[in-house]
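Some notes on the structure that comes next.
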Amino acid sequence: MTCAATRWAARVPELRVDPLSGAKAIIAAERARRPGGLRFDVEPQPPIDPAGDPFAEGNEDRTPPELWAQRPGGGPPDSGGWTVRAVPNLFPALAADPVEPEPSARPDLYTAQGAMGAHEVIVNGPQPVASLAELPVEQVVAAAEGWRARMRAHAGAACLHLLVNERREAGASLPHTHAQLYALDFVPAAVARERERFRAYATRQMGANLLADLVQEEVRRRERIVAIDDDAVLMTPYASRLPFQLLLAPRRPRRSFEDDGPTGAALLHDGLGRLARRLGASPPLNLWVRTAPRGADYYCWRIDVLPRLTVLAGLELGTELYLNVLEPERAAAELREA
């Protein structure tokens with residue numbers, strides 16, 4: 001173990017509170033000194049066979065009918081020549097006109113309603129690769145613009161949740177890199193809590209933006225900054241739940257990802273590439289865009305990236321208290337060097 005690693009591991013466990021969500025995480029670097037406690041070697045994914053890939057260019061007839069596509073050279077729907085493509089999810093979790101369940105005889109105990117909304121798949125590129133990091137940066141920029149276009153198409157939703165799952169360990173049922181968009185008719189509790197924290201901070205700080213102030217302070221401190229470009233800042237969160245967790249935020253705050261302005265896609269690509277180089281390959285991960293939900297007077301969009309390098313066990317699942325064995329400061333230092 002290097003001197004730097006020894007320095008990080010020597011610290012006592014800390015209980016940290018995430019300033020955006022209020023969620024708590026125990027940062028316990030000492031636990032990484034257990035046998036096998038800090039091994040993050042990732043094996044590469046096997047190549048994708050285009051012949052069996054429903055998202056590959058030329059296999060458009062193997063998906064539901066196209067909702068939208070970027071097709072620079074023109075052409076009809078469900079044809080080739082596209083750079084980003086959106087289709088309905090073949091197995092949707094939401095329905096535009098759901099069948100309502102039978103009323104409960106005990107509504108004080110059991111409540112249910114139809115799961116209303118839209119559920120789409122956005123293919124991030126025609127290239128048969130499993131990770132955004134494997135795409136050219138120009139393609140990730142195009143994909144992010146596609147995400148934004150589809151989010152704008154559901155502007156009336158109470159909450160938009162755009163996510164990317166990479167590798168089966170993180171929930172990807174198909175290996176070809178793709179995003180999913182959930183357009184919900186309600187605001188989930190975790191998002192509502194963040195909305196209220198933004199509002200309360202603005203009230204206390206004379207209209208200041210919580211994430212904008214956090215970014216400014218993180219840039220001043222530098223210890224958790226991974227990279228910065230003209231559009232965005234990439235950092236490891238103060239109360240990171242998992243090793244090498246990342247947060248990308250715009251340099252200039254905007255409520256919604258759908259709003260005009262930079263998407264941070266180039267820096268996102270840079271950060272995912274750093275993860276792949278540090279870990280030996282692109283890891284299983286979950287990525288999502290947090291954008292202003294309904295009723296958010298004060299907000300700022302961001303992108304969260306959670307590599308799935310450790311197993312969620314009884315503590316995390318039973319209490320929603322996360323145990324992270326890699327200090328965010330050390331993670332940032334290693335990614336800066338990657």
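The values are calculated or read from the model by the stated rules, or taken from the named source; none is laboratory data. Note that the structure is predicted; figures quoted are calculated from it, not measured. Cβ sites come from the backbone with ideal geometry, for glycine too, and all protein chains shown count toward neighbours. Accessible surface is based on the protein model in full, side chains and every heavy atom, while ligands, DNA and RNA are left aside. Shrake-Rupley method; radii C 1.70, N 1.55, O 1.52, S 1.80 Å.
Observations
- Given their separation in residues at 0.36 nm each and the Cα-Cα distance between them, residue 259 and residue 217 gain 12.7 nm when the chain is fully extended.
- For segment 276-302 versus segment 112-181, the gap between their alpha-carbon centres in whole angstrom: 12
- Nitroxide proxy distance, nm - points 7 Å out along Cα→Cβ at residue 30 and residue 43: 3.5
- For segment 71-77, 3J(HN,Hα) per residue [Karplus equation, 6.51 cos²θ - 1.76 cosθ + 1.60, θ = phi - 60°, Hz, x = Gly/Pro]: 10, x, x, x, x, x, x
- The chain - mean residue ellipticity at 222 nm from DSSP helices (-39,500 (n - 2.57) per run, n ≥ 4, rounded to 500): -7500 deg cm²/dmol
- Residue by residue, segment 43-59 carries 3J(HN,Hα) couplings of 7, x, 6, x, x, 8, 7, x, 5, x, 9, x, 9, 6, 4, x, 10 Hz when phi is fed to the Karplus relation 6.51 cos²θ - 1.76 cosθ + 1.60 (θ = phi - 60°); x denotes Gly or Pro.
- Apolar share of the accessible surface for segment 81-125: 62 percent from carbon plus sulfur atoms, 1.4 Å probe.
- Computed FRET value (nearest 0.05) for residue 200 with residue 168, which takes r as the C-beta separation and R₀ as 35 Å: 0.35
- Prolate/oblate/rounded label for segment 159-238 (Cα gyration tensor, a/c 1.5): oblate
- Taking segment 228-302 and dividing mean pair separation by its residue count, relative contact order in percent (alpha carbons under 8 Å, at least six apart): 33
- Residue 124 long-range amide H proximity, modeled H, under 5 Å: 178, 179
- Relative contact order [Cα under 8 Å, 6+ residues apart], segment 209-338, whole percent: 33
- At an R0 of 56 angstrom, the distance between the Cβ atoms of residue 105 and residue 17 translates into a FRET efficiency of 0.85.
- Dimensions in Å of the chain - Rg and Dmax from alpha carbons: 20.7, 64
- With all protein chains in place and a 1.4 Å probe, the accessible surface of segment 280-338 carries 51 percent carbon and sulfur.
- Highest to lowest packing among 169-177, 140-148, 204-212, scored as the average C-beta count within 10 Å: 140-148, 169-177, 204-212
- Surface share of carbon and sulfur [accessible, 1.4 angstrom probe, percent] for segment 186-244: 50
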